[in-house]
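Below is one structure, written out as structure tokens; the observations come after it.
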Amino acid sequence: MHLPSASFLLAAAATLTLAVPVQDSPRQRLLDGKPLPARFRKKGTTPTNPYTPGFRDPLDSAVDSVGNKLDPLPYRNGLGGSVLGPWNPERARQNPDLVRPPSTDSGDVPNLRWSFVDSHIRIGEGGWTRQTTVRELGTSTQLAGVNMRLGEGVIRELHWHKEAEWAYVLDGEVRVTALDYEGGSFIDDLKKGDLWYFPSGVPHSLQGLGENGTEFLLVFDDGGFSEESTFLLTDWLMHTPRSVLAENFHLPPEVFDHIPKTEKYIFQGSLPGPIKDEEPRGKFVKKSKYQFTHKMLDQEPHKTSGGEVRITDSKNFPISKTVAAAHVIIEPGALREMHWHPNADEWSFFIRGRARVTVFASSGTARTFDYTPGDVGIVPANMGHFVENIGDEPVEMLEVFRADEFRDFSLFQWLGETPQRQVADTLFAGDKEAGAKFLAEIQSAKKDEVTKFSNEPEHVDVEEEELVNLR
């Protein structure tokens, strides 16, 4: 029997050693709930990584785990423990306030966040669509959203809905057509930041323009909406006897021998020309007297100390009777102030930036959620909340409501316009000095929709050396 040589055994042992994971690495020690060795800690300093056992933050400050490339773990102010089971670090990084909630979170609050990246995509010829409805996000009961992409010349075929359709152009250019209730024809070309609104039952079509087509967000005034329940032209005609088609359109039946046998839905069309060359010119054609489109980003913004706000509702876009919206920019370090909406649930869509939102649901319950681009957030009507920019770039978001008018109550304004004695008795009966400072600050009762505290303490970033050691 031939025995392996000593050199062979040594080489094999070395190979096995290389294959064994390092069980005593800094990151593995943290995952196991063990303290870091002294060589990885600075003497006389407290930990600056918020997801370590020794870190303390009694203020529950926001942490940008995405921007700082941190791996959230369930440690908070000396409490918590490591994770031994399966773990998805990327999802944890996007949801740090679910992994380590602020100490102010409490009780049961239903899920109020969904990401479009988790929605099923229906792929068509030159485009795609995905949706967030009550089926994907159980709290999205009042509104449903659809994200759609159409390439150059690609058509979302002629159709209509039971629900009203509101839309915001995210990028590119798109042509919309419609027929109003009085038989008036409407055509318009839209760009990034423009809106359209088609009331229930209004037939319409969409087509991508320009070299790169378009992408847009559709919002429907019923959370139970489904893109699969659209009334499509091709679907109707294929389910109608040809004898009826012939009679309806005053043509021989053979004219309809080759109409589509399946719905077209999203398909490549011919490239459109200028509107003036494509407008119908029949004897009984008339132009619509209704304006189905609106240029939201062309509105003069309302400037605040921490950003800007544009509001579009039935006051400046009269046809939009069931959907109101705000376009909000929150600068880094700023806060969409504490507020609530009395007339409808808020359906938010995050276009860029990173934010955290705490929703106060009354009865001692509150929960914090984190949002990144492509995420949808829900805040039920009358629930108090804020939106905090936790990243290093502006947060751009849409606040959408099933309502004819945008309405909100500012906590700051309310307290400033309430008898100050009552405010002091309620909040500062045991600390008159703090009460005096608070009353002096709210005295102006100025509503500042996106607010920024000018004396905010400087943010302390996690040191790069420590980040490297913990990865």
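Pairing the Cα long axis of helix 6-19 with the longest principal axis of the chain, what angle in degrees results, from 0 to 90 and rounded to the nearest 10?
60
For the chain, the longest stretch holding no GluC sites (Glu not before Pro) located in a DSSP loop with at most 15 other Cβ atoms within 10 Å is which? Present the calculation step by step, with values, prior to reporting the outcome.
Details: sites that count: Glu125, Glu182, Glu405, Glu417, Glu458, Glu463.
In short, 183-404.
Taking K and R as +1 and D and E as -1, what net charge do the other residues with C-beta under 10 Å from the C-beta of Leu209 add up to? Can you show the working numbers first?
On the way: positive: Arg175, Lys191; negative: Glu152, Glu173, Asp189, Glu211.
That sum, taken over residues with Cβ under 10 Å, equals -2.
What base-10 log of the normalised intensity I(q)/I(0) is obtained for the chain from the Debye formula, alpha carbons as equal point scatterers, at q = 0.08, 0.09, 0.12 Å⁻¹?
-0.63, -0.75, -1.10
Of all the accessible heavy-atom surface of the range 50-162, with the other protein chains kept in place and a 1.4 Å probe, what percent is carbon and sulfur? Don't jump to the answer; show the numbers that get you there.
Details: 2900 of 5220 Å².
Carbon and sulfur atoms account for 56 percent of the accessible area of the range 50-162.
Quick one: pull the percent of accessible area on the range 294-443 belonging to carbon and sulfur, 1.4 Å probe, ligands and nucleic acids left out. Please report the intermediate quantities before stating the final value.
Details: 3520 of 6470 Å².
Carbon and sulfur atoms account for 54 percent of the accessible area of the range 294-443.
What does the C-alpha gyration tensor say about the overall shape of the range 122-217? Classify as rounded when a/c is under 1.5, otherwise prolate if a/b is larger than b/c, or oblate. Walk me through the numbers on the way to the answer.
On the way: a/c = 1.76, a/b = 1.11, b/c = 1.59.
It comes out oblate by the Cα gyration axes.
Net charge near Leu195: determine it from the other residues with C-beta under 13 Å of the C-beta of Leu195, scoring Lys and Arg +1 and Asp and Glu -1.
Details: positive: Lys191, Lys192, Lys295, Arg310; negative: Glu165, Asp188, Asp194, Asp298, Asp313.
So the environment of Leu195 carries a net charge of -1.
Once both labels are modelled 7 Å past Cα along the beta-carbon direction, what's the Glu300-Leu79 spacing in nm?
Going by the 7 Å Cα→Cβ label model, 5.0 nm.
Might you tell me the accessible area per residue for the range 258-332, computed with a 1.4 Å probe and given in Å²?
Heavy-atom SASA per residue in the range 258-332 reads 60 Å².
Just to confirm the filter: which chymotrypsin sites (Phe, Trp or Tyr not before Pro) across the range 136-243 are DSSP coil and have at most 14 other Cβ within 10 angstrom of their Cβ?
Details: sites: Trp160, Trp166, Tyr168, Tyr181, Phe186, Trp196, Tyr197, Phe216, Phe220, Phe225, Phe231, Trp236; in loops: Tyr181, Phe225.
Hits after loop and neighbour filter: Tyr181.
Rounded, prolate or oblate: pick one for the range 339-381, where a ≥ b ≥ c are the square roots of the eigenvalues of its C-alpha gyration tensor, a/c under 1.5 means rounded, and failing that, prolate if a/b is larger than b/c, else oblate. Write down the numbers at each step before the final one.
On the way: a/c = 2.95, a/b = 1.51, b/c = 1.96.
Oblate.
What length, rounded to one decimal in nm, is gained on full extension from Ser229 through to Val255, with 0.36 nm per residue of separation minus their alpha-carbon distance?
Numbers: separation 26, 0.36 × 26 = 9.36 nm, distance 2.81 nm.
So the chain would gain 6.6 nm between Ser229 and Val255.
Say each of Thr262 and Asn248 gets a label point 7 Å from the Cα, pointing the same way as Cα to Cβ; how far apart are those two points in nm?
Taking the simple label geometry, Thr262 and Asn248 are separated by 2.3 nm.
Relative to the present Cα-Cα distance, how much length would full extension add between Ser270 and Leu59 at 0.36 nm per residue of separation?
Numbers: separation 211, 0.36 × 211 = 75.96 nm, distance 5.89 nm.
Fully extending the segment from Ser270 to Leu59 adds 70.1 nm.
Going by average Cβ density within 10 Å per residue, which order do the peptides 283-289, 62-68, 127-133 take, highest to lowest?
127-133, 62-68, 283-289
Kindly express, to the nearest 10 degrees and within the range 0 to 90, the angle between helix 432-442's C-alpha long axis and the longest C-alpha principal axis of the chain.
Tilt of helix 432-442: around 30 degrees.
Taking the range 222-367, how many lysine pairs are there with alpha carbons less than 22 Å apart, if each pair must be eight or more places apart or span two chains?
Taking the Cα cut-off of 22 Å, the pair count is 12.
Only helical DSSP H runs with n ≥ 4 go in: add -39500 (n - 2.57) per run for the chain, normalise by residue count and round the 222 nm mean residue ellipticity to 500 deg cm²/dmol. Display every interim value, and only then the final one.
On the way: 11 runs with 80 residues, N = 471.
Mean residue ellipticity, 222 nm, calculated: -4500 deg cm²/dmol.
What does the charge add up to near Asp431, with Lys and Arg as +1, Asp and Glu as -1, over the other residues with Cβ less than 13 Å from its Cβ? Spell out each step's value before the answer.
Details: positive: Lys432, Lys437; negative: Asp425, Glu433.
Result for the neighbourhood of Asp431: 0.
Taking R0 as 30 Å, what FRET efficiency do you get between Lys69 and Asp118 from their Cβ-Cβ distance, rounded to the nearest 0.05?
On the way: r = 23 Å, r/R0 = 0.75.
Once rounded, the FRET efficiency stands at 0.85.
With all protein chains present, how much of the accessible area of the range 193-264 (probe radius 1.4 Å) comes from carbon and sulfur, to the nearest whole percent? Please report the intermediate quantities before stating the final value.
Working: 2060 of 3630 Å².
The computed percentage sits at 57.
Taking square-rooted eigenvalues a ≥ b ≥ c of the alpha carbon gyration tensor, is the range 246-331 rounded, prolate or oblate, where a/c under 1.5 means rounded and, failing that, a/b exceeding b/c means prolate? Before the final figure, lay out each step's value.
Working: a/c = 3.00, a/b = 2.40, b/c = 1.25.
Since a/c reaches 1.5 and a/b is larger than b/c, the shape of the range 246-331 is classed as prolate.
At 1.4 Å probe size, with every protein chain present, just tell me what the per residue accessible area of the range 106-209 comes to in Å². Don't skip to the answer; put the middle values down first.
Details: 3730 Å² over 104 residues.
Ligands and nucleic acids excluded, the figure is 36 Å² per residue.
The values are calculated or read from the model by the stated rules, or taken from the named source; none is laboratory data. Computed from a predicted structure; not experimentally measured. Quick reminder, even Gly has a Cβ in these numbers, built from the backbone with ideal geometry, and neighbours come from all protein chains shown. Remember, those area values only see protein heavy atoms, side chains included, never the ligands or the DNA or RNA. Shrake-Rupley method; radii C 1.70, N 1.55, O 1.52, S 1.80 Å.
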